[in-house]
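Colleague: Just passing along the structure, written as structure tokens.
We did not get these values from a lab; they are worked out from the coordinates using the rules stated. Computed from a prediction, not measured in an experiment: that's the story for all the values here. Every residue, glycine as well, gets a Cβ built from its backbone with ideal geometry; the counts of neighbours run over all protein chains shown.
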Amino acid sequence: MGGISINDFSQSPSLPVSQSPPAPSLPVSQSPSLPLLPVSQSPSLPLLPVSQSPSLPLLPPLPLLPLLPPLPLLPVSVIMFPIIYSDTFLDHETGSFHPESPQRLEAIVKALKTVSWSDRLQWQHPTNLSERDPLPHIKNHHTNDYIKRVEAIAANGGGFLDGDTVVSPRSYEAALLAVNAWLDGVDTVLETHKPAFVLSRPPGHHAVEKTGMGFCLFSNAAIAAHYALQCTGVKRVAILDWDVHHGNGTQAIVENNPNIAYCSLHQFPAYPGTGRASETGKYNNVLNIPLEPGSHFKNYQLAFSEQVIPFLEGFQGDLLIVSAGYDANQADPLASIKLHPNDYGLFTQQLLTITSGVLFGLEGGYDLSALSESVVATIQACL
Ligand SMILES: [Zn+2]
């Protein structure tokens, strides 16, 4: 074996210890030792907790867990769109030839039940009148004499408030429930910060303090706006009225309140004759955009980008209520604006860039196909 045993080292050709060149050493006093640092400044390594000490022996490997069966796939969370509606709104009967007919709601409901995304609609019944009395809210904005008048006409079998504003035997009840539906809509949007739609009749934006007019009985949008201001965290409410007619009633009720803004796009001249651009409210909180008969999408789009959106953004409301009338459609028999149903979806998309807290509430719209297609386009833009 030619290996070297440990003893062979002693035989290696090394210098005897005594002949080894002495290592240069300095006397202790001359040692270039580092200056002594106080303990607190010592650059010593931080002490590791025992559990992190690298000197611990390796733990034995954990036994392999048995493989769990895969979890079942859950459906992707689907956001439901609330619609507040009651068949009671069909009980406001206006006669065989009146454009503001129960068939309007029936057409909208039918359309919404047949769209491919109908399973994403959450139909809600408004709070019953026995559970919440809307009269205190209505009395804030309509005189007691007028409210009693509507109630009496209904109780006596029906009649007219003016040439085209009908009160049928069950109109009073329907109108009260409509107010509840709008209040529910406010609650829903404030709670979810998502859009909702109130499908109610009779409409409201022409009704003034002392009387209903223009198919309208109680001022739903204005009542809802004031109700919202009583809710926690709500300081300002904006109303956008895209019904083809100016919402004279809504404007009259809110224009002296600095915490409510009102913006209306409407045909001018047209019923009811109000809504000039010079009507700006006591606090510049009103924006009226009169549009000539024959106006179409490009006119509306320009108004949206240059006036409506900046106005609403500047106001910074905590809730946006849309008086959603659809009688600016080209097919509508009561006006001469040339919008198409899908245009309302585009307007809705633009509103949603400002806030998701939008409450839509039905006002006018009298061509049943255009009306129902427009409501579908509005809601689809929210999904
Ligand atoms: Zn209208």
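Colleague: Along segment 331-339, what does the Karplus equation 6.51 cos²θ - 1.76 cosθ + 1.60 (θ = phi - 60°) give for ³J(HN,Hα), rounded to whole Hz, x for Gly and Pro?
Modeller: 7, 6, x, 9, 8, 10, 8, 10, 7
Colleague: If the chain between MET80 and ARG276 were fully stretched, how many nm would it gain, using 0.36 nm times the residue separation less the Cα-Cα distance? Display every interim value, and only then the final one.
Modeller: On the way: separation 196, 0.36 × 196 = 70.56 nm, distance 3.88 nm.
In short, 66.7 nm is gained.
Colleague: If r is the Cβ-Cβ distance from ARG120 to HIS98 and R0 is 41 Å, what FRET efficiency results, to the nearest 0.05? Can you show the working numbers first?
Modeller: Values: r = 33 Å, r/R0 = 0.80.
After rounding to 0.05, the efficiency reads 0.80.
Colleague: Given H placed on each backbone N at 1.01 Å, which residues far from GLY275 in sequence or on other chains put an amide H within less than 5 Å of it?
Modeller: For GLY275, whose amide H was placed from the backbone, there are no distant partners under 5 Å.
Colleague: A further question follows. Suppose the chain between ALA152 and ASN342 were pulled fully straight at 0.36 nm per residue; how much longer would it get relative to their current alpha carbon spacing? Each step should come with its number before you reach the end.
Modeller: Values: separation 190, 0.36 × 190 = 68.40 nm, distance 4.16 nm.
Contour length minus Cα-Cα distance gives 64.2 nm.
Colleague: In whole Hz and in residue order, list the ³J(HN,Hα) couplings for segment 265-278 that follow from phi through the Karplus curve 6.51 cos²θ - 1.76 cosθ + 1.60, θ = phi - 60°; x for Gly and Pro.
Modeller: Per residue, the Karplus-derived 3J(HN,Hα) values read 9, 7, 5, 8, x, 5, 4, x, x, 8, x, 5, 4, 6 Hz.
Colleague: Before anything else, pin down the relative contact order of segment 166-306: Cα pairs under 8 Å, at least 6 apart, normalised by residue count, whole percent. Before the final figure, lay out each step's value.
Modeller: Numbers: 239 pairs, mean separation 22.6, N = 141.
So the answer I get is 16 percent.
Colleague: Sort segment 70-154 into rounded, prolate or oblate with this rule: let a ≥ b ≥ c be the square roots of the eigenvalues of the Cα gyration tensor; rounded if a/c is under 1.5, and if a/c is not under 1.5, prolate when a/b is larger than b/c, oblate otherwise.
Modeller: Numbers: a/c = 4.13, a/b = 1.80, b/c = 2.30.
Because a/c hits 1.5 or more and a/b fails to exceed b/c, segment 70-154 counts as oblate.
Colleague: Please list the non-local residues whose amide H lies under 5 Å from the amide H of ILE84, H modeled 1.01 Å from N, same-chain partners needing a gap of 5 or more.
Modeller: GLN124, PHE197, VAL198, LEU199
Colleague: Under the rule a/c < 1.5 gives rounded, and otherwise a/b versus b/c splits prolate from oblate, where does segment 83-382 land using the Cα gyration tensor? Don't skip to the answer; put the middle values down first.
Modeller: On the way: a/c = 1.22, a/b = 1.17, b/c = 1.05.
Since a/c stays below 1.5, the shape of segment 83-382 is classed as rounded.
Colleague: Still on this model: Listing ILE321, ILE147 from the residue with the fewest other Cβ atoms within 10 Å to the one with the most, what is the order?
Modeller: On the way: ILE321 30, ILE147 18.
So the ranking, lowest neighbour count to highest, is ILE147, ILE321.
Colleague: What order do you get for MET80, MET213 when you list them from fewest to most C-beta neighbours inside 10 Å?
Modeller: Listing MET80, MET213 from fewest to most nearby Cβ atoms yields MET80, MET213.
Colleague: Ordered by residue, what ³J(HN,Hα) values in Hz, to whole numbers, does segment 198-203 give under the Karplus form 6.51 cos²θ - 1.76 cosθ + 1.60, where θ = phi - 60° and Gly and Pro are x?
Modeller: Rounded to whole hertz, the list is 9, 9, 9, 9, x, x.
Colleague: While we're looking at this one, here's another question. Could you give the length gained by full extension between GLU191 and LYS298, i.e. 0.36 nm per residue of separation minus their alpha carbon distance, to one decimal place?
Modeller: Result: 35.0 nm gained on full extension.
Colleague: Determine the sum of side-chain charges near TYR146: Lys and Arg each +1, Asp and Glu each -1, restricted to other residues whose C-beta is under 9 angstrom from that of TYR146. Intermediate results must be reported in sequence, preceding the final value.
Modeller: Values: positive: LYS148, ARG149, LYS210; negative: ASP145, GLU209.
After counting each charged neighbour, the total is +1.
Colleague: When only C-alpha pairs under 8 Å and at least 6 residues apart count, what is the relative contact order of segment 83-382, in percent?
Modeller: Numbers: 668 pairs, mean separation 57.1, N = 300.
Dividing the mean separation by the residue count of segment 83-382 yields 19 percent.
Colleague: Whose amide H sits under 5 Å from the amide H of VAL167, counting only residues 5 or more places off or on another chain, with H placed in the peptide plane?
Modeller: GLY159, PHE160, LEU161
Colleague: Per residue, what volume in Å³ does the convex hull of the Cα atoms of segment 130-227 enclose?
Modeller: On the way: hull volume 8.7 nm³, N = 98.
Per-residue hull volume (Cα only) is 89 Å³.
Colleague: What ranking of SER86, SER168 emerges when the number of other C-beta atoms within 10 Å of each C-beta is taken as an exposure proxy, fewest first? Each step should come with its number before you reach the end.
Modeller: Values: SER86 21, SER168 18.
Placing the least packed residue first, the sequence is SER168, SER86.
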